[in-house]
1. Testing the spin-label approximation: label points 7 Å from Cα along Cα→Cβ at LYS21 and MET86. State their distance in nm.
2. For Cα pairs less than 8 Å apart in space and 6+ apart in sequence, what is the mean separation divided by the residue count of the chain, i.e. the relative contact order in percent?
3. Sum -39500 (n - 2.57) across every DSSP H segment of at least 4 residues in the chain, then divide by the residue count to get the 222 nm mean residue ellipticity, nearest 500.
4. I'd like the orientation of helix 92-103 relative to the chain: the angle between its Cα long axis and the longest Cα principal axis, in ° from 0 to 90, rounded to 10.
5. Using all Cα-Cα distances in the chain, what percent lands in each 5 angstrom bin from 0 up to the longest?
6. With unit charges on the beta carbons (Lys and Arg positive, Asp and Glu negative) and the dipole taken about the Cα centre of the chain, which residue among SER107, MET86, VAL16 sits farthest to the positive side?
7. Rounded, prolate or oblate: which fits region 66-121 when a ≥ b ≥ c are the square roots of the eigenvalues of the alpha-carbon gyration tensor, with rounded for a/c under 1.5 and prolate only if a/b beats b/c?
8. Which far-off residues, 5 or more places away or on another chain, put their amide H under 5 Å from the one on ILE53, with H placed in the peptide plane?
Amino acid sequence: MSIKESGEMYLESIYVLCKFKSSVRSIDIAEHMNYTKPSVSRAVGLLKKEGYILVDNDGYITLTDSGTQLAETIFERHTILTKMLMGLGVDEETAADDACRIEHGISDKSFLAIKEHIKGK
């Protein structure tokens, strides 16, 4: 199952929200991402169809095992790439924004090399 960059961004947002809130609904995602409710509703439907999330009758969203695994991977990439860029002297806001763009396109091989390089320091 292949997921697009926008789907990865939604999963990462759900993952982050779940760390700070006991329950997550579409409105929380819309506010967090500064997206419209219809955009979030469409994405939630696609992620549910693809088996990455579950939505109960009250609209509460939870990540499935596969959704959690993918979201953790994306979040790890974001975190490590942000730290790497900041270590190069980039300010935190720019580093986080750039890491968000990089995290979706970088190969597993290149990311692993960066991760191992940072661990070695």
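The values are calculated or read from the model by the stated rules, or taken from the named source; none is laboratory data. In this text, all values refer to a predicted model and were calculated from it rather than measured experimentally. Counting neighbours? That spans all protein chains shown, and the Cβs are built from the backbone with ideal geometry, glycine included. Just the protein is used for accessible areas: all its heavy atoms, side chains included, with ligands, DNA and RNA removed. Shrake-Rupley method; radii C 1.70, N 1.55, O 1.52, S 1.80 Å.
1. 2.4 nm
2. Rounded, it is 21 percent for the chain.
3. -22500 deg cm²/dmol
4. Roughly 80 degrees between the two axes.
5. Each 5 Å bin holds this share of Cα pairs: 2, 11, 21, 22, 19, 12, 9, 4, 1, 0.
6. SER107
7. Values: a/c = 1.96, a/b = 1.28, b/c = 1.52.
Since a/c reaches 1.5 but b/c is at least a/b, the shape of region 66-121 is classed as oblate.
8. Answer set, sorted by chain and number: LYS48, THR64.
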